[in-house]
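A short write-up of the structure that comes next.
None of the figures in this text is laboratory data; all of them are computed from the coordinates on show. Everything quoted here is computed from the prediction, not taken from an experiment. Note that we place each Cβ from the backbone using ideal geometry, even for glycine, and neighbour counts take in every protein chain shown.
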Amino acid sequence: MEPVSRYAPPLAVMALIFALSATPDLSSGLGAWDVLLRKLAHITIFAVLWITLARAARWRRPILATVVAILYAISDELHQSSVDGRHGSPVDVAIDALGIGLALLAWILVVRRRAVTSGRAASAG
């Protein structure tokens, strides 16, 4: 049962990304806001993908989670290029990588903070 609880979240995020990429038109009609909101959605969903992948790897292989997430971003853009009304873009891969990088950076900062905090607790005791 444990593999399901570990791997279901990243697979669910990947399925969501795939479904959204298969949608011919995601335009909300909000003009420039539409573009901004879609790019923020790219950053967010790929940050979430990295987090779920890192969790599946029990936080021990952040580089593997990063590589898998970036490869999925590339495959997502290839998939979009085959959908009518959509196109793949290297810029979107870079935006996805930004989300992945932000998630990785946040994880690094949390790990460092925990190490400092636990170091203080050990030296105080």
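If I take all pairs of Cα atoms in the range 2-124, what percentage of them are more than 17 Å from each other? Walk me through the numbers before you get to the answer.
Values: 4565 of 7503 pairs.
That fraction is 61 percent.
Give the peptides 110-117, 53-60 in descending order of average Cβ contacts within 10 Å, highest first. Intermediate values should be presented prior to the final figure.
On the way: 110-117: 10.4, 53-60: 16.1.
The peptides rank, most packed first, as 53-60, 110-117.
In nm, give the distance between the simple-model label positions of D84 and F18, each being 7 Å from the Cα along the Cα-to-Cβ direction.
2.2
If you fit an axis through the alpha-carbon atoms of helix 62-80 and take the longest principal axis of the Cα set of the chain, what angle between them do you get, 0 to 90°, nearest 10?
It is inclined by approximately 10 degrees.
When the Karplus curve 6.51 cos²θ - 1.76 cosθ + 1.60 is applied with θ = phi - 60°, which whole-Hz ³J(HN,Hα) does each residue of the range 82-93 get, with x for Gly and Pro?
Karplus-based 3J(HN,Hα) across the range 82-93 equals 9, 9, 4, x, 10, 8, x, 9, x, 4, 5, 4 Hz.
So what J values fall out for the range 8-14 if you push phi through Karplus, 6.51 cos²θ - 1.76 cosθ + 1.60 with θ = phi - 60°, rounded to Hz, Gly and Pro as x?
Computed from phi, the couplings for the range 8-14 are 4, x, x, 5, 5, 5, 4 Hz.
Helix 32-56: angle to the longest alpha-carbon principal axis of the chain, degrees 0 to 90, nearest 10?
40
Taking the Cα centre of the chain as the origin and placing charges on Cβ (Lys, Arg +1; Asp, Glu -1), which of L20, V67, H79 is farthest toward the positive end of the dipole?
V67
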